[in-house]
Structures are given as structure tokens and as C-alpha cells.
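Note sheet for the following structure.
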Amino acid sequence: MIDNHVHVGWYVDGYHSPEEIWKAEQEAGIDEIAVSSTSTCAELYKLVVREMRELIYIGGSCIHPLLWLTPRMMKTWGIRYMLHSRIRWEGVKMHWKAHREWFYNRPLLMDALDVARCLQVPVLLHTGDFKECHARVFLNLCRQHEDLTFVLAHGWPIGETMEVLALCSNTYVDTAFMPVEDVMTLAHNGFTQRTLFGTDAPINQVFYKEMTTSQYIKYCLTTLKNKLPPETYEQIVSNVLYHQ
């Protein structure tokens with residue numbers, strides 16, 4: 001099983017170390033993780049690289065590092081540092097709510113997409129309840145860049161997400177913080193093979209303080225297992241887009 005949406009590093013509730021994250025995922029029965037660093041939002045590029053190196057040291061090929069791009073990173077020495085860090089990045093991430101400049105600065109966005117092209121990796125896009133990051137916001141982007149693969153993280157709102165999935169064969173969606181009813185809707189509409197299991201761990205600790213991260217991951221898995229046909233569940237929790 002793979003968790004396709006994991007974080008390491010600094011967040012509003014404190015620091016989450018590589019060891020903490022990998023241990024929690026393993027305790028929950030997860031075999032592989034696709035992980036980006038929230039330390040990126042503080043522009044702590046050297047720390048991000050250290051975190052990824054430590055994760056790879058303890059998890060080996062089961063770790064799929066995602067390069068979280070920020071506008072500031074693209075405008076400074078940061079992008080060169082990250083690309084020459086000897087980390088084999090397996091995906092690129094952009095968060096259009098945390099960094100709304102992506103929505104307004106198209107030249108900079110094109111530069112970011114060129115990073116994904118250079119690395120030949122998928123692009124993970126945050127979707128959410130803001131005008132800059134509704135799923136439909138990314139429709140033309142996915143259409144105009146068919147040579148790239150995109151993942152609509154969270155799949156919000158689900159109707160718009162399915163519209164993009166239906167019109168763009170180069171798109172996927174992950175289930176991080178997604179209501180189980182939305183996952184069921186995706187499966188019912190034929191998108192099982194393009195649905196990636198994800199948890200957003202350890203961000204869960206901000207919203208579900210009564211549970212540890214491993215307990216939350218198990219809760220996500222159990223909920224899906226109880227609501228989906230066995231073959232659908234097995235497909236979703238094993239779908240993987242990132243490869244070394």
C-alpha cells in the first residue's frame with residue numbers, strides 16, 4: 001500500500017521529523033510514501049534536502065520525494081539548490097492557496113511546469129475552497145499541457161474534479177482529506193484506476209487531535225475498506241504514480 005500524500009517538516013503544530021513520519025506510516029501498514037516537506041513554506045531549502053535525505057536513508061526506495069515549488073524558490077538560488085541536491089525528485093508540487101502567485105503569474109507558472117518537464121515527473125496541485133484552486137481552475141492547464149501528468153490533491157469540489165478527469169486523460173486525484181462519499185462517487189463513475197490513496201499525514205494532528213497519525217491512517221484505510229467493494233479498495237490503495 002502507498003500513501004500518495006504525506007508531509008515532513010515544520011507545520012503550525014510544530015516539527016514532524018522524518019523518523020516520526022516513516023514510523024507512523026509503517027505502523028499503519030503503509031509500505032511506500034510520496035512525501036513533500038512543509039518546511040518549504042518557510043523557504044528552508046537546506047532543511048528540506050536534509051529531511052529528504054534522512055527519509056531515503058531510513059526508507060530507501062519506498063520513499064518518493066516530491067519537490068514543493070514556491071514562487072520565491074523559482075526567483076532565487078533555491079531552485080538551483082534543490083535541483084542540484086542529488087535528491088531524485090519523483091514529483092513536483094504547487095499549492096495555489098499557500099502561494100496564490102501561481103494563479104496570477106503565468107510566466108512563473110510556465111517556468112515551474114518546465115521544472116516538471118525537465119525532471120519528467122507528475123505535478124501535484126492542491127485543490128480547495130478558494131477561487132485560485134478550485135479543481136476547474138486547473139482544467140485549461142491540464143488540457144494545454146498534455147505532455148505532463150497532473151494530480152488534483154483532495155479532489156475539491158468533487159463535481160469539478162470529475163469534470164477535469166473526464167476531459168483530461170493526463171489527470172489523477174488523491175483522497176487526502178476527501179470524504180469517503182466522494183471516493184465512492186469517483187469509483188462509481190469509473191475513476192478507480194486514477195484515484196490515489198492519500199492522507200495528508202501528519203496534518204491530521206491539527207484537525208484530529210484525539211488520534212495519533214498512525215491511528216488516523218488506519219482510520220482512513222478502514223473507512224474505505226468498509227465502504228468500497230474489495231477489488232475497488234485494493235486498487236485504490238495500491239495505485240502508484242511515482243517511480244524511481
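The values are calculated or read from the model by the stated rules, or taken from the named source; none is laboratory data. Being a predicted model, the structure only gives us computed values, none of them experimental. Heads up, the Cβs are rebuilt from the backbone with ideal geometry, glycines too, and the neighbour counts pull from every protein chain shown. Heads up: the accessible areas ignore ligands, DNA and RNA and are worked out on the full protein's heavy atoms, side chains in. Shrake-Rupley method; radii C 1.70, N 1.55, O 1.52, S 1.80 Å.
Determine, yes or no, whether Ala166 is of a type in the set (Gly, Ala, Ser), open to solvent by 10 Å² or more (accessible area, probe 1.4 Å), touching a helix residue (DSSP H, G or I) at 6+ places or on another chain (Cβ under 7 Å) and over 16 Å from Met94 (Cβ atoms). No: the conditions fail for Ala166. Residue pairs whose Cβ atoms lie under 6 Å apart, separated by 6 or more positions or on different chains, with the first residue in the stretch 205-216 and surrounded by fewer than 15 Cβ atoms within 10 Å (Cβ to Cβ) and the second of a type outside the set (Lys, Arg), are Val206/Asp13; Tyr208/Tyr216. Of all the numbered requirements in (1) within 16 Å of the chain's Cα centre (by Cα); (2) on the phi > 0 side of the Ramachandran plot, Ser37 misses one, and that requirement is (2).
Of the numbered criteria (1) under 16 Å from the mean Cα position of the chain (by Cα); (2) open to solvent by 10 Å² or more (accessible area, probe 1.4 Å); (3) aromatic (Phe, Trp, Tyr), the one Phe191 fails is (1).
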